[in-house]
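Inspection log for the structure reproduced underneath, given as structure tokens.
The values are calculated or read from the model by the stated rules, or taken from the named source; none is laboratory data. Values in this document were obtained by computation on a predicted structure and should not be read as measured data. Every residue, glycine among them, receives a Cβ derived from its backbone with ideal geometry; neighbour counts consider all protein chains shown.
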Amino acid sequence: MAGKSPLDDPENAAFAWSRYRRLMKWMAGLTVLVVAVICAGLYALIGFISIHFYIATVLGVGLTIMLTAALMGLVFLSSGTGHDESIEDRLEDERNR
């Protein structure tokens, strides 16, 4: 049986999710900055090719950074709240033998 997660408490959950949202806002700002620098660098190096090239670059780089930030943020949320420790480890008995 799984143990009680600290995220089951509404106060802990609200605090954890507010930290996650703050992290995502910071990462969105950083992503905009990084994408702007990359687009400026590409324009300086190769000039204007096609608007589709720059749209694809913005979407590819931006979505990659945001997806990475979202997944790592969830890992930090799970680990930082103690949610990871609340699982039932069925292999623990075998390792202790």
Which listed residue is assigned to a helix (DSSP H, G or I) and loosely packed, with under 11 Cβ neighbours inside 10 Å, from ALA13, ALA40, ALA36, ALA56: ALA40
With SER50, SER5 as the choices, which residue is within 30 Å of LEU91 (Cβ to Cβ) and of a type in the set (Ser, Thr, Tyr)? SER5
Would you pick out the residues in segment 12-46 that are at pLDDT below 90 and among the hydrophobic types (A, V, I, L, M, F, W, C)? ALA13, ALA14, PHE15, ALA16, TRP17
Filtered residue count, segment 58-87, keeping only those that are modelled with pLDDT of 95 or more and of a type in the set (S, T, N, Q): 2
Please name all residue pairs, on different chains or six or more residues apart, with Cβ atoms under 9 Å, provided the first residue is in segment 30-44 and is at negative phi and the second residue is surrounded by fewer than 13 Cβ atoms within 10 Å (Cβ to Cβ) and outside any helix (DSSP H, G or I). LEU42/ILE49
